[in-house]
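Quick notes on the structure that follows.
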Amino acid sequence: MAHIDNIGAGMFSDMSISTDPAGIPDLDGLDDAATQLALDALFKAETDVPAVGSYSRVENVREFPAMGTPPNVVNVPIYGQATSQQIQGQADAPSMELQLNAVPADWAAGATLGDMVGDGVQRVFRFSLLNSKPEGYNSSIEVGSGLGDVQNSYYYWFGKIDAQQITPQLTDANTMTITMTIQSEFFGAYTATDAT
Amino acid sequence: MGKYVTTEVDIFRIFGSFSWTSENIATYPSNYIPNSNDQEFIRISIIPSSQGVNLVSVEGIVMVEIFTEANLGDRRSLEIADTLDQFMVGKSFNENGINTQLFDSTLKGASNPEDESRSRQIYSIPFKHFGVN
């Protein structure tokens with residue numbers, strides 16, 4: 001498939017985190033296509049055991065934040081003109097908070113995701129916008145296993161998981177807020193195409 | 001095709017598929033007289049009752065009436081509802097930039113004034129049809 005070419009709800013959107021022991025790749029000097037290849041290589045196999053090309057999905061997401069670089073529009077007065085001009089100044093890094101329906105076992109000490117909280121390690125994150133359910137979530141062209149099974153658009157960035165807060169609910173599902181810090185630009189949007 | 005017919009075609013595509021017909025559940029559209037010999041059947045009504053995000057979009061509910069033999073409990077109706085979930089919940093149909101999406105379902109009991117020998121439950125699932133202009 002290719003990028004999403006229609007209006008729709010991103011019902012199957014996904015957040016995944018690389019667990020590749022190599023950490024974040026060196027992207028210096030790479031063009032767009034090479035950057036995508038280097039980052040795609042980190043999302044080849046969904047598993048809880050850190051290994052080359054492995055990643056973990058953050059499941060049970062209740063609400064995603066806005067993805068991407070936020071604007072910081074600065075008005076610049078121009079002498080003699082009726083209206084000022086505008087430029088895009090350096091934007092504050094966006095706060096990235098995920099609201100989850102809490103499954104404490106996924107975030108327990110000793111669990112892959114739980115151990116990431118506050119460990120200070122930079123990782124590669126991937127957000128995939130998906131209107132349809134793929135057979136799998138790999139950034140690959142392998143038929144029946146990857147995002148390429150359906151129309152998809154995804155982004156990468158480097159960051160850390162810094163905080164985890166659980167909110168008990170007495171009459172609803174318990175919720176959890178995961179706060180991430182962002183330490184790079186956003187790479188993408190990319191798309192995975194199906195081998196067929 | 002306009003937004004109403006396209007929506008109907010997308011949704012009926014589910015029930016025309018080989019995998020659905022293999023379930024052997026008699027399936028009728030609304031405003032159609034079912035075969036009286038069917039012990040159980042479903043009847044599908046597409047209700048495009050709300051405006052969409054633009055002039056070529058529409059939103060609404062797909063209502064599936066599930067008729068099963070009366071006085072035998074609800075299990076069979078629930079099984080059919082679960083089967084419907086497999087075919088409908090979260091499904092998208094997109095072609096040429098036009099997209100119909102089905103969301104999550106609910107089920108409720110209802111009376112059956114047409115035929116008291118059959119129990120009637122209503123399975124409903126919201127849909128959104130998105131066109132581009």
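Just so it is clear, none of the values below were taken in a lab; they were calculated from the coordinates. The model shown is predicted, which means the values in this text are computed figures rather than measured ones. Counting neighbours? That spans all protein chains shown, and the Cβs are built from the backbone with ideal geometry, glycine included.
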Long-range amide H partners of A:ASP162 with built H, under 5 Å: A:GLY118, A:THR179, A:MET180, A:THR181
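How far, in nm, would the chain grow between A:ALA111 and A:HIS3 when pulled straight, counting 0.36 nm per residue and subtracting the alpha carbon separation? Mind showing how you got there, number by number?
Values: separation 108, 0.36 × 108 = 38.88 nm, distance 3.34 nm.
So the extension gain works out to 35.5 nm.
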When each of A:LYS133/B:LYS108; A:LYS44/B:LYS128; A:LYS160/B:LYS91; B:LYS3/B:LYS91; A:LYS44/A:LYS133 is checked by Cα-Cα distance, pairs over 25 Å: A:LYS133/B:LYS108; A:LYS44/B:LYS128; A:LYS160/B:LYS91
Top of A:ASN101, A:ASN72, A:ASN174 by mean-square fluctuation, Gaussian network on chain A, Cα under 10 Å: A:ASN72
For chain B, diffusion coefficient by Stokes-Einstein and Kirkwood Rh (Cα), 20 °C, 1.002 mPa s, µm²/s: 139 µm²/s
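Over chain A, what relative contact order in percent results from Cα pairs under 8 Å that are six or more residues apart?
Working: 444 pairs, mean separation 50.4, N = 196.
Once normalised by length, the contact order is 26 percent.
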Average partner coverage of A:6-18, which counts Cβ from other chains inside 10 Å: 4
Among B:41-50, A:131-140, the order from most to least packed when residues are scored by Cβ within 10 Å on average: A:131-140, B:41-50
Point-to-point label distance, B:ALA70-A:GLN81, nm (Cα→Cβ direction, 7 Å offset): 7.8 nm
Length-normalised contact order for chain B - Cα pairs under 8 Å, 6+ apart - percent: 26 percent
Pairwise label distance in nanometres, B:THR21 with A:ASN60, each label 7 Å out on the Cα-Cβ vector: 4.2 nm
Relative contact order %, the stretch A:17-74, counting alpha carbon pairs below 8 Å whose residues are six or more apart: 37 percent
In Hz, Karplus ³J(HN,Hα) per residue of the stretch A:97-111 (6.51, -1.76, 1.60; θ = phi - 60°; x = Gly, Pro): 10, 9, 9, 10, 7, 5, 10, x, 4, 5, 10, 6, 4, x, 7
Between the stretch B:80-133 and the stretch B:1-41, the Cα center-to-center distance that results, in Å: 11 Å
Equivalent ellipsoid, chain A (semi-axes from 5 times Cα gyration tensor eigenvalues, Å): 29, 23, 18
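Do any GluC sites (Glu not before Pro) in the stretch A:1-91 lie in a DSSP loop with no more than 15 other beta carbon atoms within 10 Å, and if so, which? All intermediate terms of the calculation are to be shown ahead of the outcome.
Working: sites: A:GLU46, A:GLU59, A:GLU63; in loops: A:GLU59.
Sites meeting the loop and neighbour criteria: A:GLU59.
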Spin-label model distance (nm) - B:ASN35 vs B:ALA110, 7 Å beyond Cα toward Cβ: 2.3 nm
Under the Karplus curve 6.51 cos²θ - 1.76 cosθ + 1.60, θ = phi - 60°, whole-Hz ³J(HN,Hα) for the stretch A:179-193, x wherever Gly or Pro sits: 10, 10, 9, 10, 10, 7, 6, 8, 9, x, 6, 10, 9, 9, 10
Phi to ³J(HN,Hα) by Karplus 6.51 cos²θ - 1.76 cosθ + 1.60 over the stretch A:11-26, Hz, x for Gly, Pro: 4, 10, 4, 9, 10, 10, 10, 5, 10, 4, x, 5, x, 8, x, 8
10 Å Cβ neighbours from other chains, averaged over peptide B:119-130: 1
Rotationally averaged projected area of the stretch A:108-177 (alpha carbon convex hull; nm²): 6.6 nm²
